[in-house]
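To keep things clear, I will list the structure first and then write my remarks on it.
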Amino acid sequence: MQFGLSESQQILKDTAHKFFAGESPVAAVRKAMETETAYDAALWTKLAEQGFTGIIAPEEFGGMGLGKVELILLMEEAGYALLPGPFFSTVALAGTVIDACGSPEQKKKYLERIAAGQARATVALVESAGSWDTQGLKISSAGNKLTGTKLFVTDAAVADFIVVVARDGVFVADAKAPGLHIEPMKGMDLARKIYSVEFKDTPAEALGNPRGLAGALNVATAGLCAEMTGGMQRTLELTVAYAKTRKQFGKPIGIFQAVQHLCADMYLETESSRSATYYAAWALEENTPDAAASVSVAKMYASDAARNVGNRGIQVHGGMGFTWENDIHLYYRRAKASETMLGDATFHRERIARRIIDEASSGNKKERPRQAALASR
Amino acid sequence: MDLNLSPDEIKFRDELRTWLSAHAPTDWDERREESMESRFEYLKRWQRKLYEGGWAGISWPKEYGGRGASLMEQVIFWQEMALAQAPPLANVLGLGIIGPTIIAFGTEAQKKRHLAKILSAEEIWCQGFSEPDAGSDLANVRCEARLDGDHYVVNGQKVWNSYGWAAHWCELVVRTDPNVPKHKGLTVLLVDMKTPGVEVRPLRQMTGETEFNELFFHDVRIPVTNVVGKVNEGWGVAMGTLMHERGTFGAGLQITYRRNMERLIDLAKTTERNGRPASEDPVIRQKLAQCYAEIEIMRCNQMRAFSRINATGVPGPEGSIQKIFWSELNQRFQQVAQEVMGPYGQLEAGDDHAIDNGMWAYGYLRSRGNTIEAGTSEIQRNIIGHFVLGLPKSY
């Protein structure tokens, strides 16, 4: 058993770390977030050159054909850098859905362009109810035409096509299709913009295997957890560095246990998010029986942890942490947006409850519980 | 990343599983009402059986009677023990800490005299570390040993000692030089508990049990041949093997938590809340799911930590979060169990209405000690702050 990364996985992670630090430093993030779409075409070309846009797409469609673990390592580093723009929407979200739901021809048509860096895409799922539960959706197609409104669609304004999850299937609509109208929503995450997308008799192509959707959303969710973990890591590092240099009462504030313990809790939650996320990615790759549950475990935990880590990080920064100038609020904003995206902690706890309470048969009554009291060793 | 067991690990697991299914007693739980002494004799017999089967002290080198088990095999050992619901080991400190200390620092004579009897549970061991003024500040030990010819004369007091009432021997940390910085003047002695001047007083804890003792030493004469390692280098000796098993025991703890979780879910299905099963109450469902997820993450954290040790030989930074994680999780879990059971949760063993013979009332009270024993949560957070995050030391 080896929970750690393989040599090639570690190399990928290190390469991504250096790439994002060099090509998308926080000054560039701030510049991108001031634009309408947070999309930087030059950066996108470089992402494609690295092969990152095709990281998980199969080789026959021009991708690198790597696994879920590799995807989350890349997403973790993207999260660390607060990568602006449609990378998550395109690669982890739309790309995985098309890969799981599309026919070979559809993958050639859509996934190949994503992998090559020629197209950006996103997934439109949530409706006015504000839920990621696909059971309650209202929009359905009538003869491959969509009518209705989707909300909280990430990066829709720069998408070349939009994957639409409807009641009766999964569809792809060209962003320039008739009747499709995109309006910005003023979301908290300045580096990943969100939109409402309205469809009026908009022609759309049904993907061949809509049953693949749940699995694909699980992969995307693991990717999002990894991105959140990267954000937590960066928040932790900024905070520890500040605690070592900021002086009060003639001493660095990091010498005080009240501050140390805030940092220790940030560390505990960051590492625990990472453990849960890595495990979920591995479970998805291996298709273990607990794969879906492990994704909910990771998202449930990371959703709360990302917020908690941000809260503590800003607290340690004191007044500086509350300024626009300090970068920590950029991570804090993304943490809140990511917290609800693909289901918040409450959503995933209920998903876990259905599995462990409603689906599980009652345990063997002979198996009595036992208190393991003694830990003093 | 590959979380599957290797063929060798599967072979080890299957061999142990087969042995346990043939030999592990299943009536340990039924002995809760027996006296502590009678229960302990039972545990000694159980360890003797493990010893005869070659399953005691598996992490020890083969030349000293162990199996030279790898870290992963140790993890598997504790998991299988928990899965089989096997009773605990009587000589748990001897096997996990003191034996390895003697192997690492002891003389040939000490190894010959003690090791086999630790494995067979013929001689039970305890530790004398903490004192009234040396708890979290463990190096502040005052219990003194003065050289008198070829003996040390020991005077002082120890507290929070486990198994002292049953122990034949004690690994005792004493101050041999009061004139140097506190970590530097300590020495480790092997003390025969029958030596004149050793007194054991049980310490009754809030659960009503007497898991712990106070030890008193009045002019106790210990031969210098019982020094482990070098005089005044006892801090290194005591700390060197404190982490010998590096938390592999926790792998069994995780499985016990999981079983308790499953039991609680069953109880939630049969307990009524507002006219329907508690398991249908959305708030209870949220809390159960939270506990389940945290128990899962405890497993993921452990696997990461074990893999790191396996690969590098030293615990990685994630190792330092384990203690906080399991202790605080158990307290939250016990509270959720209390919420599911309502007023029945408070009923202790012996009450006709008690659920699972009072196990949950006991578990709730006992978990209160989890964030104190084996390094308080505050000390654990100091360790992370200083040793992992590199913040300046506060003391």
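Worth a mention:
- Here's the picture: charge each Lys and Arg Cβ at +1 and each Asp and Glu Cβ at -1 in the protein assembly as shown, and of A:ASN311, B:GLN205, B:TRP55 the one pushed furthest to the positive end of that dipole is A:ASN311.
- When only Cα pairs below 8 angstrom with a gap of at least 6 residues are kept, chain B shows a relative contact order of 12 percent.
- For the residues of B:260-267, the average number of beta carbons from a partner chain within 10 Å of their own beta carbon is 5.
- 3J(HN,Hα) from dihedral phi, the stretch B:140-156, Karplus parametrisation 6.51/-1.76/1.60, rounded to Hz, x for glycine, proline: 7, 4, 10, 3, 10, 10, 10, 6, 9, x, 9, 10, 9, 9, 9, 9, x
- Here r is the Cβ-Cβ distance between B:VAL180 and B:THR107 and R0 is 22 Å; the resulting FRET efficiency, rounded to 0.05, is 0.35.
- For the stretch B:206-275 versus the stretch B:103-144, the gap between their alpha-carbon centres in whole angstrom: 15 Å
- Over the protein assembly as shown, equivalent-ellipsoid semi-axes from the Cα gyration tensor in Å: 54, 29, 24
- Sequence-distant lysines (8 or more away, or on other chains) whose Cα lies within less than 25 Å of B:LYS117: B:LYS44, B:LYS49, B:LYS62, B:LYS158, B:LYS194, B:LYS230
- Computed [θ] at 222 nm, helices only, for chain A once each DSSP H run of length n ≥ 4 contributes -39500 (n - 2.57): -15000 deg cm²/dmol
- Contact order relative to length of the stretch B:32-73, as percent, for alpha carbon pairs under 8 angstrom and 6 or more apart: 21 percent
- Treating r as the C-beta distance of A:ASN209 and B:GLU339 and R0 as 41 Å, the FRET efficiency rounds to 0.40.
- Helix axis angle, A:257-286 relative to chain A longest principal axis, alpha carbon, degrees: 40 degrees
- Cα→Cβ-extended label distance, 7 Å offset, between B:ASP351 and B:GLU122, nm: 4.7 nm
- Those aspartates and glutamates that a straight Cα-Cα span of less than 16 Å connects to B:LYS323, excepting residues fewer than 8 apart in one chain: A:ASP265, A:GLU269, A:GLU271, B:GLU245, B:GLU294, B:GLU296, B:GLU373, B:GLU378
- Radius of gyration and maximum dimension Dmax of the stretch B:41-86, Cα, Å: 11.0, 30
- With 0.36 nm allotted per residue and the present C-alpha distance subtracted, the A:LYS186-A:ALA142 stretch has 12.7 nm of extension available.
- Separation of alpha-carbon centers, the stretch A:25-41 and the stretch A:280-309, rounded to whole Å: 30 Å
- Set of lysines with alpha-carbon distance to A:LYS109 below 28 Å, sequence-local pairs under 8 removed: A:LYS46, A:LYS68, A:LYS138, A:LYS145, A:LYS150, A:LYS176, A:LYS193, A:LYS200
- Backbone phi angles across the stretch A:91-103, fed through the Karplus curve with coefficients 6.51, -1.76 and 1.60 (θ = phi - 60°), yield HN-Hα couplings of 8, 7, 9, 5, x, 5, 5, 5, 4, 7, 10, x, 7 Hz in residue order; Gly and Pro are listed as x.
- Partner chain coverage, peptide A:346-358 - average Cβ within 10 angstrom: 5
- 3J(HN,Hα) couplings calculated from phi for the stretch A:11-27 with the Karplus curve 6.51 cos²θ - 1.76 cosθ + 1.60 (θ = phi - 60°) are, in sequence order, 5, 4, 5, 5, 4, 4, 4, 5, 4, 5, 5, x, 8, 9, x, 5, 4 Hz; Gly and Pro show x.
- Kirkwood estimate for chain A, i.e. one over the average of 1/r between Cα atoms, Å: 21.5 Å
- Each of A:LEU224, A:THR15, A:TYR267 was scored by the projection of its Cα onto the charge dipole of chain A, and the greatest displacement toward the positive side belongs to A:TYR267; charges sit on the C-beta of Lys, Arg, Asp and Glu.
- Modelled FRET efficiency - R0 56 Å, B:HIS23 with A:ASN311, Cβ distances, 0.05 increments: 0.60
- All Cα-Cα separations within chain B were binned at 20 Å from zero, giving a P(r) of 24, 58, 17, 1, each value a whole percent of the pairs.
- Take each residue of peptide A:293-299, count the partner chain Cβ atoms within 10 Å of its Cβ, and average: the result is 4.
- Across all directions, the average flat footprint of the convex hull enclosing the Cα atoms of the stretch B:1-63 is 6.6 nm².
Readers should treat all values here as calculations from the given coordinates under stated rules, not as data from a laboratory. Remember, predicted model here, so these are calculated numbers, not experimental data. Virtual Cβ from ideal backbone geometry, glycine too; neighbours counted across all protein chains shown.
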